[in-house]
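Have a look at the structure below, then the notes.
The values are calculated or read from the model by the stated rules, or taken from the named source; none is laboratory data. Computed from a predicted model, the values in this text were never measured in an experiment. FYI the Cβ positions are ideal-geometry reconstructions off the backbone, even for glycines, and counts take in every protein chain you see.
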Amino acid sequence: MEVFDNYPCDNKFLLYRYYAIFSTFIMSGLRKQELLDLKYADVDIENLSIFIRQRKGSKDRVIPINYLLAEAL
């Protein structure tokens, strides 16, 4: 994640936001659409998990996350 340390951005909020989104995508193994559909309420930092809501006939699932990703979120 050294890329974010050297990224030229004056807005620290946006930089932190991009870091959290990129970290979630890489470390959780979520699909692109699952990441786009993710809501704040779906992330459970205390239990280190992310709840993924599936569309139509598919089943919902829970993805475990590690401490590094929990810190980023």
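On the stretch given as the range 29-47, residues that are out of contact with any Leu (no Cβ under 9 Å at 6 or more places or on another chain), touching a residue at least 12 places away in the same chain (Cβ under 8 Å) and surrounded by 12 or more Cβ atoms within 10 Å (Cβ to Cβ) total 3. Among the residues of the range 49-61, those that are modelled with pLDDT under 90, farther than 11 Å from SER28 by Cβ and either surrounded by 10 or more Cβ atoms within 10 Å (Cβ to Cβ) or of a type in the set (D, E, K, R) (or both) comprise ARG53, GLN54, ARG55, LYS56, LYS59, ASP60, ARG61. Would you call ARG17 touching a strand residue (DSSP E or B) at 6+ places or on another chain (Cβ under 8 Å) and among the basic types (Lys, Arg)? Spelling it out, it is not the case that ARG17 is touching a strand residue (DSSP E or B) at 6+ places or on another chain (Cβ under 8 Å) and among the basic types (Lys, Arg). Scanning the range 38-67 for residues that are more than 11 Å from the chain's Cα centre (by Cα) and assigned to a helix (DSSP H, G or I) yields ALA41, TYR67.
Selection of the range 52-73 for residues being without any contact (Cβ under 8 Å) to a residue 12 or more places away in the chain and under 26 Å from LEU14 (Cα atoms) yields only GLU71.
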